[in-house]
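Please read the structure below before turning to the comments.
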Amino acid sequence: MSDYSRPEYPRPQFQRAAWMNLNGQWQFEIDHGASGRARGLVERELTGTITVPFCPESKLSGVEYRDFMAAVWYRRTFMLPQEAAGKRGLLHFGAVDYKCEVWINGKSAGVHEGGYASFHFDVTDVLQKGENTIVVCADDDLRHGRQPYGKQSSRYESYGCSYTRTTGIWQTVWLEWVNPVYIQSVKMIPDAANGTVLLDATISGHAAGVTLNASAAFNGMPECEAEVLVDGSHARLPLKVANVHLWGPGEGNLYDLHLSLKQDGAIVDDVDSYFALRTISFDGKKCLLNGKPVFQRLILDQGFYPNGVYTAPTDDALRGDIEMSMAMGFNGARLHQKVFEQRFLYWADKLGYLCWGEMPSWGIDPARPHTLSIFLREWMEVVERDYNAPCIVGWCPYNEVWGESNEGLRELTLTMTYRTTKAIDPTRPCIDVSGGLHTETDVYDIHDYEQNPAVLRAHYPHGGMPVDPFAGKQKYDGVKPIFVSEYGGIRWTEDTSGWGYGVAPVSTEEFVTRYEGLTQALLDQPDHMGFCYTQLTDVEQEQNGLYTYDRKAKFDPAIIAEINRRPAAIEKE
């Protein structure tokens, strides 16, 4: 029987042995008036129960309440293990939508705003020996225009390409305990050409006389080891492997990495991690991975599940979605309008699956004065969290911004977001706004749902130059790589429910013919670096997936794979 409380360690690229999973049964209460603090919900028992980490809208939560909830409350007790005594306690949340406050034993431990970024609080000063009580309140109002909500419906019902909402905790909650001096974070900067990775570690606590040791192995065989003295709160350590194994599509070559912190000769912290050697660059309009042209054959992945909504029912389900995509000949995905959990990125890393990291930008207007401060803060957290993931080959903070409102503010917001992203991560390309009016971008991308293959091909004359969809407003320099980052979306369902793009085919054969024509039209463009088909699975009323919502293939995967794997023009040169 499957365990639906998600017991696996939630952060595979930074894992400690000393931790406690806090998923499972919690007390729960909906607070429609957002008056819980005034009514004493911090101190008293709650009236219902919920299974964490599933949102209350989901079946797996045991609540399955689909209306709007202004705020939700959680409460549970846990026993602090004896081995945690005298250690620092770090309480982690994979994600809580939207504004979260946490109390431990009646005392506020911290507040976090943002429904998609992971966060933690140092709760050392409010923990006690033996039993502890944790209370969480999440405020969530996606209709006021001051929070990103992605594909969550702003109406009572799901409609169009907006689906069931997620409120409150929707990723794993866990506690870990560390010594006063510990590894707070590490940034890994790979250099595939020279077979090295630079580790830039941040150390918390007074680090006098502390050294950082790093050792790497590949398939169990030692590759290298090095040690450096911590300088203040930082340690920078280059590792050069003995044998270079490059990471790429279908080749998830990962090096195991072990980090240990020593103080006065004694180990005070141990972290298990991994890294990969791969480089992303451009040669004109060709996207290069490790110096070789790679056409990105991507699928649009919404990351929704019938019983879990935003949260996969099991770790196997995360891996399964990637394997389903690869079975149809795709080598990656746009992780669309959602920040996917780190366990998904782990499987993408392990399987060699290219991913574009996105922020759920719908629900917030980049032309509003408040947007930059609200949006950029959380986006920076997301980029920093996922910087080390080899599978992330590009960033895309915004989706489909058309420029209808204040043009100056819109351009300022997009430019600042793009430049901040590049400042944090200069190693990956960044698209400022996918399918929208570009301001500053590394890749010219476009959304094109034309259903006639001949007409689609005609949209890209002169070797791939796209027809301007913005009546002369588009700032395309004619030099950047071209990426049709949404196309297809062909409706296919056994009944008349739901929707998709264009007139639905009347037979499987007609679907395959249209799919083949649209895809071949893009593969043949010599200036195109990739495509992204809409979409992997049906989601509720949107019936244009290659798989059903419950993950059943609508078409023979081998047929779709044969079409997708044909050589692209940019790979032939």
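The values are calculated or read from the model by the stated rules, or taken from the named source; none is laboratory data. As the structure is a prediction and not an experimental result, all values here were calculated from the model. In this analysis, Cβ positions are derived from the backbone assuming ideal geometry, glycine residues included, and neighbour counts consider all displayed protein chains. The area values use the complete protein model at the heavy-atom level, side chains included, leaving out ligands, DNA and RNA. Shrake-Rupley method; radii C 1.70, N 1.55, O 1.52, S 1.80 Å.
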Discussion item. Given a 1.4 angstrom probe, what's the average accessible area per residue across the range 42-131, in square angstrom?
Written reply: 42 Å²
Item to complete: May I ask you to list the GluC sites (Glu not before Pro) in the range 51-118 that are in a DSSP loop and have at most 16 other Cβ atoms within 10 Å of their Cβ?
Response: E64
Fill in: Sorted peptide list for 288-294, 564-570, criterion being average Cβ within 10 angstrom, highest first
564-570, 288-294
Item to complete: With a ≥ b ≥ c taken as the square roots of the eigenvalues of the C-alpha gyration tensor of the range 111-234, please select rounded if a/c is under 1.5 and otherwise prolate if a/b is larger than b/c or oblate if it is not?
Response: oblate
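Give me the percent of the accessible area of the range 336-476 that comes from carbon and sulfur atoms, probe 1.4 Å, all protein chains in place.
Working: 2680 of 4750 Å².
Reported share for carbon and sulfur atoms: 56 percent.
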Worksheet, complete the sentence: Using eta = 0.890 mPa s and T = 25 °C, Stokes-Einstein with Kirkwood Rh from Cα pairs puts D for the range 184-239, in µm² s⁻¹, at 204 µm²/s
Worksheet item: How about the range 256-327: which trypsin sites (Lys or Arg not before Pro) there lie in a loop by DSSP and see at most 11 other Cβ atoms within 10 Å?
Response: none
Discussion item. When 1/r is averaged over all different Cα pairs and the result inverted, which Kirkwood radius in Å belongs to the range 1-110?
Written reply: 15.7 Å
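Ranked from the most accessible area to the least, with a 1.4 Å probe and all protein chains present, what is the order of M79, M380? Walk me through the numbers on the way to the answer.
Numbers: M79 115, M380 65 Å².
In descending accessible area the options line up as M79, M380.
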Discussion item. Over 19 Å between Cα atoms: which of K187/K338; K285/K350; K129/K262; K107/K129; K99/K129 fall into that group?
Written reply: K187/K338; K285/K350; K129/K262; K99/K129
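Rounded to the nearest percent, how much of the accessible area of the range 121-271 (1.4 Å probe, protein heavy atoms only) is carbon and sulfur? Walk me through the numbers on the way to the answer.
Numbers: 3020 of 6330 Å².
Answer for the range 121-271: carbon and sulfur cover 48 percent of the accessible area.
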Discussion item. For a bin width of 10 Å, list the pair-distance distribution of the range 231-318 built from all Cα-Cα distances, rounded to whole %.
Written reply: 11, 25, 27, 26, 10, 1
Worksheet item: What are the DSSP H helices in the chain that stretch 24 Å or more along their long axis, judged by alpha-carbon atoms, and whose average Kyte-Doolittle hydropathy comes to at least -0.5?
Response: 407-424
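Tell me the chymotrypsin sites (Phe, Trp or Tyr not before Pro) within the range 366-460 that lie in a loop according to DSSP and have at most 14 other beta-carbon atoms within 10 Å. Numbers along the way, then the final one.
On the way: sites: F375, W379, Y387, W395, Y398, W402, Y418, Y444, Y449; in loops: Y387, W402, Y449.
Filter output for the range 366-460: W402.
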Response to the item:
Scoring the chain by relative contact order with C-alpha pairs under 8 Å, at least six apart, yields a percentage of 12 percent
Discussion item. Report the Cα centroid-to-centroid distance between the range 431-448 and the range 1-52 in angstrom, as an integer.
Written reply: 39 Å
Discussion item. Not counting ligands, DNA or RNA, and with a 1.4 Å probe, what is L175's accessible surface area in Å² rounded to the nearest 10?
Written reply: 0 Å²
Practice prompt. Add +1 for every Lys or Arg and -1 for every Asp or Glu among the other residues with Cβ under 12 Å from the Cβ of K262, and state the total.
Written response: -4
Worksheet item: What fraction of the DSSP beta bridges in the chain is antiparallel, stated in percent and rounded to the nearest 5?
Response: 75 percent
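Could you give the C-alpha radius of gyration of the chain expressed as a fraction of 2.2 N^0.38 Å, taking N as the number of residues it contains? Intermediate values should be presented prior to the final figure.
Working: Rg = 24.0 Å, N = 573, 2.2 N^0.38 = 24.6 Å.
Expressed relative to 2.2 N^0.38 Å, the Cα Rg reads 0.98.
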Item to complete: Grab the DSSP H runs of the chain that are 4 residues or longer, score each as -39,500 (n - 2.57), total them, divide by all residues and round the 222 nm result to the nearest 500 deg cm²/dmol.
Response: -5000 deg cm²/dmol
Practice prompt. Rank by packing, highest mean first: peptides 506-516, 102-112, with packing defined as the count of other Cβ atoms within 10 Å averaged across residues.
Written response: 102-112, 506-516
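When ligands, DNA and RNA are left out and all protein chains stay put, how many square angstrom of accessible area per residue does the range 225-362 have with a 1.4 Å probe?
Values: 4610 Å² over 138 residues.
Heavy-atom accessible area per residue stands at 33 Å².
Highest mean first, how do 7-14, 164-171 rank when packing is the count of other Cβ atoms within 10 Å averaged over residues?
Working: 7-14: 18.8, 164-171: 27.1.
Descending packing order for the listed peptides: 164-171, 7-14.
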Fill in: Principal semi-axes in Å for the range 369-423 [√(5λ), Cα gyration tensor, largest first]
23, 12, 9
Worksheet item: Over the range 455-566, one equal point on each Cα, no solvent: what is log10 I(q)/I(0) by the Debye formula at q = 0.13, 0.23 Å⁻¹?
Response: -0.55, -1.28
Worksheet item: Quick one: how many Å² of F304 are accessible to a 1.4 Å probe, rounded to 10?
Response: 0 Å²
